[in-house]
Amino acid sequence: MDLINIVATLIKIILLFAISLTAVAFCTWLERRGAAWIQGRRGPCRVGPFGLLQPVADGIKFFFKESFVPEKSNKFFYLAAPILTLTIPFLAMVSIPFAENLYILNHEIPMRIARFDSGILLVIAFTGLEVYPVMIGGWASNNKFSVLGSLRAASQMIAYEISMGLALLSMILVYGTFDMNEMVRFQEKWMWGCFINPIAALIFWFSIFAETNRLPCDIPEGESEIVAGYHLEYGAMKFALFFMSEYVAMIMASALIATLFFGGYSLLPGFSLVEKGIVALFSIRSEIVNHNLFIIFQLLSIFLKIAFFMFVFIWVRWTLPRFRFDQLMDLGWKILFPLALANVLLMGIVSYFFIYR
Amino acid sequence: MKKTIKETIKETIKESKNSVDYKNITDFYNPNILINIGPSHPATHGTLRLMCQLNGEVIEDTKFEIGYLHRGKEKLGEVKTYHQWFVYTDRLNYCSALINNIAYAMTVENLLEISITARCMWIRMICMELSRIIDHIICVAINALDMGALTIFWHLYRWREEAYTMIEGMCGMRLTTTYARIGGMFYDVPEDLHDNLKKFCERFPKALDEMETLLTTNRIWIDRTKGVGRLSKEDAIKYSTSGPVLRASGVDFDLRRDRPYYAYADIDFDVVVANNGDVYDRYLVRTEEMRQSIRILKQCSKHLQSANGPLWVDDRRVFIPDKIDVYTKMEVMIHHFKIFMEGIDVPPGENYTAVEGPNGEVGFYIVSRGGPKAWRLRIKAPSFLHFQMMENTIKGVKIPDAISILGSLNIIAGELDR
């Protein structure tokens with residue numbers, strides 16, 4: 001690894017953090033405006049144009065609030081939970097590719113922070129860790145409602161981890177690779193993963209809701225039942241970290257679902273020809289520059305897809321009521337889990353006889 | 001001999017094991033944890049306290065505590081004159097203040113043996129049906145809100161605001177109306193009421209349709225509400241429930257039809273009855289009752305437009321003269337002074353009058369021994385009777401179900417504690 005690669009990696013880390021955190025701020029705005037739009041209200045509209053600066057105002061408010069720690073909490077874990085909760089979704093985002101490799105000064109720079117041969121497994125590993133800050137936070141704050149919330153979160157996230165993992169496994173069977181770049185190329189050549197394997201797409205999509213604690217499955221928070229669940233005792237910036245982590249996890253999940261099932265950074269199957277045509281309009285001779293310009297299209301298309309799935313998250317949240325705890329468990333263990341297992345078998349047969357024949 | 005710390009702790013635990021407090025000390029580490037839902041919990045929507053002993057998510061034992069909003073209204077009825085007590089009726093079931101106003105005015109009128117004018121009666125009926133809609137909106141929307149469907153809350157609350165704007169046009173206030181007076185209403189209705197009512201009657205059912213597309217056939221909503229908090233027909237009668245809760249359990253009883261007051265006997269409307277008595281049926285009954293109220297409103301509006309007689313009953317004992325006459329005519333001023341400084345002289349006797357409130361039977365029982373104040377005043381509040389049956393209903397259900405049952409009963413703390 002030479003200097004350019006190290007510098008590029010550092011720049012990528014900074015960019016990923018900066019873009020995701022800005023996107024988080026924008027997403028909270030989008031959530032509130034979207035909710036207001038669905039509910040026939042106006043939403044934030046006072047701070048800045050269209051209330052766009054509202055997240056900034058909120059952030060300032062969060063910073064200046066008193067940082068309160070409950071007396072009988074376990075202080076170390078109480079403070080560790082919000083830090084962990086934001087770190088983990090960021091770590092999961094490390095190996096998601098946002099475009100093809102970039103070429104700068106004869107160096108090939110992958111458009112993701114870490115390049116692993118088995119990138120998808122790393123993502124799954126880190127999403128599996130997401131349950132820990134919730135459990136730690138709920139337990140350490142020494143509140144019965146919080147403990148209930150963290151217990152709910154633990155069982156829910158573990159239940160849905162399995163069906164999510166199995167849905168993913170069936171997609172790995174189809175693509176025949178762990179490399180997410182390869183998966184996107186496969187979809188570019190053939191068709192989107194959601195058409196090859198719609199059951200897995202549905203299971204994965206629903207499991208994402210349970211994993212990120214969004215509304216039909218927001219029972220760990222359940223503000224009318226167990227008040228605010230695991231982050232009941234958190235205030236000021238510590239609460240904001242929990243809040244932000246939800247959005248980072250949503251962005252990560254959107255990127256993941258876009259990559260696995262909806263063509264990732266290639267806008268539509270076969271659309272790259274059009275993109276290449278547009279790039280050719282600039283009539284630049286250098287193939288490398290053309291390739292790098294092409295990457296901008298890819299970045300745009302994955303951002304578009306992430307934005308769409310974020311909107312779906314918001315849309316669903318403000319439409320449906322909440323599940324009951326045991327109903328969600330029933331759905332996870334009794335329906336999605338067997339379905340996902342059967343689907344793995346089915347996809348094994350399909351990929352053996354039709355795809356890799 | 002000095003004890004070591006370890007020994008002291010051991011002794012304390014030994015002692016406390018025998019004491020009553022031991023259970024409380026170890027609650028947190030006990031599988032049967034004790035949890036307080038309320039008095040300030042987001043789902044109680046008022047100050048109630050449900051002490052629940054949990055096993056995991058299941059509520060094994062409950063104990064309820066009421067009285068956080070007790071203001072001694074019945075006692076106040078004995079020290080305030082009949083007119084002064086009107087303001088207190090607003091604060092009983094503050095979601096439908098008008099029905100309380102009118103029911104109280106009816107009771108006093110029955111004591112005085114006054115029959116109000118036709119115009120006043122139609123205005124009162126419009127008021128009652130409007131406030132029934134408002135109260136049902138609150139119950140259905142809050143019930144949905146407690147189960148996470150916030151959008152329904154906002155969509156319906158818009159229509160609640162419209163209704164409140166109409167009420168504001170009638171009496172100048174939105175929540176605490178104090179509109180009725182003994183023998184009449186404080187103001188006549190504004191001219192634009194009929195237009196507004198017509199608009200409301202046209203558009204509000206559409207909002208209800210919208211809500212029903214979001215909830216009635218929603219799988220999650222059905223799973224959450226069907227079979228939850230089931231109250232059998234016998235139990236519903238045994239616990240003396242009334243109103244939508246009783247009708248959802250399959251008892252076909254509505255005071256408006258079975259013991260008609262005012263012109264409900266001449267009005268065309270259906271009594272909504274369901275079978276199962278669960279949260280889902282209560283929701284359906286309330287939704288359909290809102291549609292029936294719209295039907296009644298349409299008819300009442302038509303009748304009111306043709307009833308152009310006087311608003312006030314022609315009885316010098318209760319008649320409140322116009323302000324302009326009070327300022328310009330001597331006799332009228334004296335009359336006004338006497339009515340408000342001394343109060344009206346109600347003949348000795350007792351009366352119980354009940355109307356069909358949105359939650360159930362709202363009744364006032366007044367014992368008078370003459371003079372301007374009641375000797376004893378008693379309020380029959382449906383929330384109080386509904387709340388007593390809840391203690392048994394939520395045993396053995398999960399916390400989310402307890403919340404949805406609480407929402408479906410529409411317990412209003414102001415009415416519960418009085």
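Taking the Cα centre as origin and putting +1 on Lys and Arg beta-carbons and -1 on Asp and Glu beta-carbons, what dipole magnitude results for the range A:61-144, to the nearest 20 debye?
On the way: 7 positive and 6 negative charges, 89 e Å.
Approximately 420 debye in magnitude.
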**Asked** Using alpha carbon centroids, what distance separates the range A:140-181 and the range B:220-260, in Å?
**Response** 42
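Just to confirm the filter: which GluC sites (Glu not before Pro) across the range A:52-106 are DSSP coil and have at most 14 other Cβ within 10 angstrom of their Cβ?
In loop regions of the range A:52-106 (DSSP not H, G, I, E or B), the sparsely surrounded GluC sites (Glu not before Pro) are A:Glu66, A:Glu71.
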**Fill in**
The answer for chain A, counting only DSSP H helices whose Cα atoms cover 30 angstrom or more along the axis and whose Kyte-Doolittle average is 0.5 or greater, is A:3-39, A:144-175, A:236-261, A:287-317
**Item:** J(HN,Hα) series, the range B:241-252, from Karplus relation 6.51 cos²θ - 1.76 cosθ + 1.60, nearest Hz, glycine and proline x
**Value:** 6, 8, x, x, 5, 5, 5, 5, 7, x, 9, 8
**Request:** Filter the trypsin sites (Lys or Arg not before Pro) in the range B:260-366 to those in DSSP coil with at most 14 other Cβ atoms within 10 Å of their Cβ, and list the result.
**Result:** B:Arg316, B:Arg317, B:Lys329
**Message:** Compute, for chain A, the length of the dipole vector about the Cα centre, with Cβ point charges of +1 (Lys, Arg) and -1 (Asp, Glu) only. Units Debye, rounded to 20.
**Reply:** 680
**Prompt:** With a ≥ b ≥ c the root eigenvalues of the C-alpha gyration tensor of the range B:71-136, is it rounded (a/c under 1.5), prolate (a/b larger than b/c) or oblate?
**Reply:** oblate
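Let me know the mean shielding of B:141-153 by other chains, meaning the per-residue number of their Cβ atoms within 10 Å of its Cβ. Walk me through the numbers before you get to the answer.
Numbers: counts 0, 1, 1, 1, 3, 6, 8, 16, 6, 10, 9, 3, 1.
That average works out to 5.
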**Message:** Under 17 Å between alpha carbons, and skipping anything fewer than 8 positions from B:Lys63 in its own chain: which lysines qualify?
**Reply:** B:Lys23, B:Lys395, B:Lys398
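If we count GluC sites (Glu not before Pro) as exposed when they sit in a DSSP loop and have at most 16 other beta carbons within 10 Å, what is the longest stretch of chain B that avoids them all? All intermediate terms of the calculation are to be shown ahead of the outcome.
Values: sites that count: B:Glu113, B:Glu191, B:Glu342.
So the longest stretch without any such site is B:192-341.
Distance check, please: which entries in B:Lys206/B:Lys238; B:Lys80/B:Lys198; A:Lys144/B:Lys226; B:Lys198/B:Lys226 exceed 31 angstrom between their Cα atoms?
B:Lys206/B:Lys238; B:Lys80/B:Lys198; B:Lys198/B:Lys226
For chain B, what is the calculated [θ] at 222 nm in deg cm²/dmol (nearest 500), taking -39500 (n - 2.57) for each run of four or more DSSP H residues and dividing by its residue count? Could you put the intermediate results ahead of the total?
Details: 18 runs with 216 residues, N = 418.
Value at 222 nm, helices only, nearest 500: -16000 deg cm²/dmol.
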**Computed FRET value (nearest 0.05) for B:Glu65 with A:Ile4, which takes r as the C-beta separation and R₀ as 45 Å** = 0.05
**Message:** Tell me which of B:Pro321, B:Ala118, B:Leu311 sits at the most positive position along the dipole axis of chain B, charges placed on C-beta atoms (Lys, Arg +1; Asp, Glu -1).
**Reply:** B:Pro321
**Fill in**
Whole-Å distance linking the alpha carbon centroid of the range A:210-255 with that of the range B:361-390 is 46
**Message:** Please list, by residue number, everything in the range A:166-189 whose backbone N is under 17 Å from a paramagnetic label point 7 Å out along Cα→Cβ of A:Leu346.
**Reply:** A:166-175
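So, with +1 on the Cβ of K and R and -1 on the Cβ of D and E, and no other charges, what is the size of the charge dipole of chain B about its Cα centre, to the nearest 20 debye? If you can, show how the numbers build up before the last one.
On the way: 54 positive and 55 negative charges, 213 e Å.
The dipole magnitude comes to about 1020 debye.
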**Asked** For helix B:5-18, what angle does its Cα long axis make with the longest principal axis of chain B, in degrees from 0 to 90 and rounded to 10?
**Response** 50
**Asked** Given labels modelled 7 Å from the Cα in the Cβ direction, how far is it in nm from A:Leu105 to B:Asp345?
**Response** 10.7
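For A:Arg42 and B:Arg203, what does the FRET efficiency come to when R0 = 22 Å and r is the distance between their Cβ atoms, rounded to the nearest 0.05?
Step by step, r from the Cβ atoms, then E = 0.60.
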**Complete:** Per the charge dipole of the range A:177-295 (beta-carbon charges, Lys/Arg positive, Asp/Glu negative, Cα centre), the residue among A:Phe261, A:Phe209, A:Leu241 reaching farthest to the positive end is A:Phe261
**Request:** Specify the longest stretch of chain A that does not include any exposed loop site, a site being one of the chymotrypsin sites (Phe, Trp or Tyr not before Pro) with a non-H, G, I, E, B DSSP assignment and at most 16 other Cβ atoms within 10 Å.
**Result:** A:191-281
**Message:** Give me the one-decimal nm value for the distance between modelled label points at A:Trp315 and B:Lys75, 7 Å along each residue's Cα-to-Cβ direction.
**Reply:** 5.9
**Prompt:** Using the alpha-carbon atoms, what tilt in degrees (0 to 90, nearest 10) does helix B:150-171 show relative to the longest principal axis of chain B?
**Reply:** 30
**Prompt:** Taking 0.36 nm per intervening residue step and subtracting the Cα-Cα distance, what contour gain separates B:Ser240 from B:Asn36 on full extension?
**Reply:** 70.7 nm
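Run through the DSSP bridge list for the protein assembly as shown and note the antiparallel percent, rounded to the nearest 5. Intermediate values should be presented prior to the final figure.
Numbers: 33 of 33 bridges.
Beta bridges within the protein assembly as shown, antiparallel portion: roughly 100 percent.
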**Item:** Distant-in-sequence amide H partners of A:Tyr103 (H built 1.01 Å from N, under 5 Å)
**Value:** A:Ile109
**Estimated FRET transfer efficiency when R0 is 22 angstrom, pair A:Thr177-A:Phe354 (beta carbons, to 0.05)** = 0.85
**Prompt:** Tell me, what HN-Hα J-couplings in whole Hz come from the Karplus equation 6.51 cos²θ - 1.76 cosθ + 1.60 at θ = phi - 60° for each residue of the range A:215-226, using x for Gly and Pro?
**Reply:** 3, x, 10, 8, 5, x, 8, x, 4, 8, 9, 10
**Request:** Calculate the spin-label point distance for B:Glu391 paired with A:Asn74, positioning each point 7 Å from the Cα along the beta-carbon direction, and give it in nanometres.
**Result:** 3.8
**Where trypsin sites (Lys or Arg not before Pro) fall in DSSP loop in the range B:41-143, at most 10 other Cβ within 10 Å** = none
**Complete:** So for the range A:284-339, using the alpha carbon gyration tensor with a ≥ b ≥ c as root eigenvalues (a/c under 1.5 gives rounded; past that, a/b versus b/c decides prolate or oblate), I'd call it oblate
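Taken together, the values in this text are just the output of simple stated rules run on the coordinates, not laboratory data. Fair warning: this is a prediction, and the values are worked out from it, not measured in the lab. Cβ coordinates were reconstructed from backbone atoms using ideal geometry, including for glycine residues, and neighbour counts include every protein chain displayed.
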